[in-house]
Amino acid sequence: INSWVTRAVAGDGFYYAPDPSSQVVCSIGGNVAENSGGVHCLKYGVTSNHVLGLEVVLPDGSVTQLGNGLAESQELDLRGAFIGSEGTLGIATEITLRLLRAPECINVLLADFETMESAGEAVRAVTAAGLLPAGMEIMDNVTINAVNDFFGYDEYPRDAAAVLLIELDGQEAEVQASAQRAEQLCRGAGARGLRRAEDPTECAVLWKGRKSAFSAVGKITPTYYVQDGVVPRSSLPLVLAAIERLSQEHGLPVANVFHAGDGNLHPLILYSAAEPDAEQRVKDLGAAILKECLAVGGSIS
């Protein structure tokens with residue numbers, strides 16, 4: 001299991017960087033098959049950046065080694081080709097992972113906004129300023145309230161249109177300077193309130209809601225349909241406004257929770273399968289959202 005890796009090496013001051021929201025239940029083998037990302041992929045990359053070698057069983061039953069244990073190699077990258085192939089090239093039976101040393105200092109900022117567009121503008125501003133957070137994530141009002149209900153207490157402001165989580169890590173002086181700059185940029189983009197967590201336990205609490213978002217939404221709707229598109233960060237405000245408009249046009253609520261730092265959107269279309277023609281309406285809305293992503297030069301991820 002993904003989270004078991006960090007648990008095993010944390011005492012020695014190391015951790016495994018890729019952290020999908022499902023990290024407490026997803027397996028490393030599954031992560032390799034899907035080339036999984038996570039909230040920290042903005043700075044640290046996805047699974048393929050953290051696998052040094054593979055023992056795999058090929059379709060004819062033969063066993064072979066891919067990769068040579070180095071992060072970079074001059075040879076043909078068959079290891080990289082295998083990661084993300086979803087089982088079509090073979091099955092991994094042994095995986096050698098790259099571990100990172102735990103950073104000296106971590107700060108997590110929580111900024112809340114009156115509009116989703118202003119939250120998107122904050123992401124654009126932070127990126128344009130040259131800051132490189134470990135992760136930047138956005139949750140909209142539907143998700144905020146779902147998470148608060150899920151927890152049974154209000155961790156995030158219920159009336160906010162969106163909250164933005166920004167994690168900064170590295171050396172103490174670097175993190176403090178970057179956190180102050182990020183706070184200024186968020187206020188400039190229209191943030192109403194700002195919280196900064198510096199204690200590891202406090203940081204984990206702020207991230208807990210984001211990690212639990214899909215489960216929380218599952219408690220308020222019997223079914224939801226998840227989209228996955230990537231857009232240029234500069235287009236985030238435009239695309240988020242388009243998703244809100246399309247949601248109203250199709251008469252279906254959409255919960256937005258996504259990797260804002262690299263423009264990776266996860267709109268969750270909420271519906272009940274018992275409603276007539278619900279699934280077709282949902283698919284039509286999903287297609288319309290992905291067309292908006294493509295229209296601004298994005299992709300279907």
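The values are calculated or read from the model by the stated rules, or taken from the named source; none is laboratory data. Since this is a predicted model, take the numbers as computed values, not measurements. Cβ placement follows ideal geometry from the backbone for every residue including glycine, while neighbour counts extend to all protein chains displayed. All accessible areas refer to the heavy atoms of the entire protein, side chains included, with ligands and DNA or RNA removed. Shrake-Rupley method; radii C 1.70, N 1.55, O 1.52, S 1.80 Å.
Scanning the stretch 197-214 for residues that are open to solvent by less than 20 Å² (accessible area, probe 1.4 Å), part of a helix (DSSP H, G or I) and among the aliphatic types (A, V, I, L, M) turns up LEU206, ALA213. Do we find that GLY286 is assigned to a helix (DSSP H, G or I) and out of contact with any Asp or Glu (no Cβ under 6 Å at 6 or more places or on another chain) in this structure? The answer is yes for GLY286. Restricting the first member to the stretch 271-284 and to residues that are in the same structural domain as ALA255 (by the TED database), and the second to residues that are in a helix (DSSP H, G or I) and surrounded by 14 or more Cβ atoms within 10 Å (Cβ to Cβ), the beta-carbon pairs closer than 7 Å and six or more apart or on different chains are TYR271/ALA278; TYR271/VAL282; SER272/ALA278; ARG281/HIS250; ASP284/HIS250.
When LEU97 is tested against (1) modelled with pLDDT under 95; (2) touching a strand residue (DSSP E or B) at 6+ places or on another chain (Cβ under 9 Å), exactly one condition is not met: (1). Taking the conditions (1) more than 18 Å from the chain's Cα centre (by Cα); (2) of a type in the set (A, V, I, L, M, F, W, C); (3) closer than 26 Å to LEU238 by Cβ in turn, ILE144 satisfies each one other than (1).
When ASP169 is tested against the conditions (1) over 18 Å from ALA119 (Cβ atoms); (2) part of a helix (DSSP H, G or I); (3) open to solvent by less than 40 Å² (accessible area, probe 1.4 Å); (4) among the charged types (D, E, K, R), the lone failure is (2). Number of residues in the stretch 248-301 that are modelled with pLDDT under 95, more than 16 Å from SER234 (Cβ to Cβ) and among the small types (Gly, Ala, Ser): the value is 7. The residues in the stretch 51-84 that are surrounded by fewer than 16 Cβ atoms within 10 Å (Cβ to Cβ) and assigned to a loop (DSSP other than H, G, I, E, B) can be counted, and the count is 15. The set of residues in the stretch 141-157 that are touching a helix residue (DSSP H, G or I) at 6+ places or on another chain (Cβ under 6 Å) and surrounded by fewer than 24 Cβ atoms within 10 Å (Cβ to Cβ) comprises PHE150, ASP154, GLU155, TYR156. Of the residues making up the stretch 92-99, not a single one is closer than 30 Å to ARG192 by Cβ and open to solvent by 20 Å² or more (accessible area, probe 1.4 Å).
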